1. Among the residues in the stretch 62-85, are any at pLDDT 95 or above, touching a Lys or Arg at 6+ places or on another chain (Cβ under 9 Å) and open to solvent by 20 Å² or more (accessible area, probe 1.4 Å)?
2. Listed residues Val95, Val57; which is buried (at least 16 other Cβ atoms within 10 Å of the Cβ) and either in contact with a strand residue (DSSP E or B) (Cβ under 9 Å, 6 or more places away or on another chain) or at pLDDT 95 or above (or both)?
3. Taking into account only those residues within the stretch 7-27 that are over 13 Å from Phe130 (Cβ atoms) and open to solvent by 20 Å² or more (accessible area, probe 1.4 Å), which is nearest to the chain's Cα centre (by Cα)?
4. How do the strands (runs of 3 or more DSSP E) wholly within the stretch 25-78 filter down when requiring 1 or more residues that are out of contact with any helix residue (DSSP H, G or I) (no Cβ under 6 Å at 6 or more places or on another chain) and of a type in the set (Lys, Arg): which remain?
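The values are calculated or read from the model by the stated rules, or taken from the named source; none is laboratory data. Please read all numbers here as calculations on a predicted model, not as lab measurements. Note that we place each Cβ from the backbone using ideal geometry, even for glycine, and neighbour counts take in every protein chain shown. With ligands, DNA and RNA removed, areas are computed over all heavy atoms of the protein, side chains included. Shrake-Rupley method; radii C 1.70, N 1.55, O 1.52, S 1.80 Å.
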Amino acid sequence: RQVVPDFALSIATDRLTVPQGGTATLPVTVERIGGFNGTVEVTLEGLPNGVTAPTLVFPPDKATLDVKLTATPKAEMSGSAIHLRGKATIGGKPVWHEAPAWEKYEHRSIDLLLSVEYSYTRPFHLWEMFLLGVTEPQKK
């Protein structure tokens, strides 16, 4: 079977909050596959009004970078489904991938059997949605 150059994105959460007038940091990892060693551009799409995040550019020698999300003091307090997408040129063609959101299970259930089932047999769960919540400003 032929190995095809490609890449995959990952984030270690399914949710993130940023306070009005504040910032939040999201670590992003790029895994290069099949000999691909090119640049990958990563953007966050679907951000709520008043929240911004710069495009991350992963040079060939970087696998992990942090994206800083910034909310204005008047950013609307809300929850939004956002998408973290990466783009690279592979074989002269643009290739896009989205980072799956995932949640690491913790022992949240008072039912020990349920807790064991979800915490040990499946220590994480992939979600189809990554949520960003804008919250009240941080108290100083």
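1. The answer is yes; a qualifying residue exists.
2. Criteria check complete, one pass: Val95.
3. Pro27
4. 64-71
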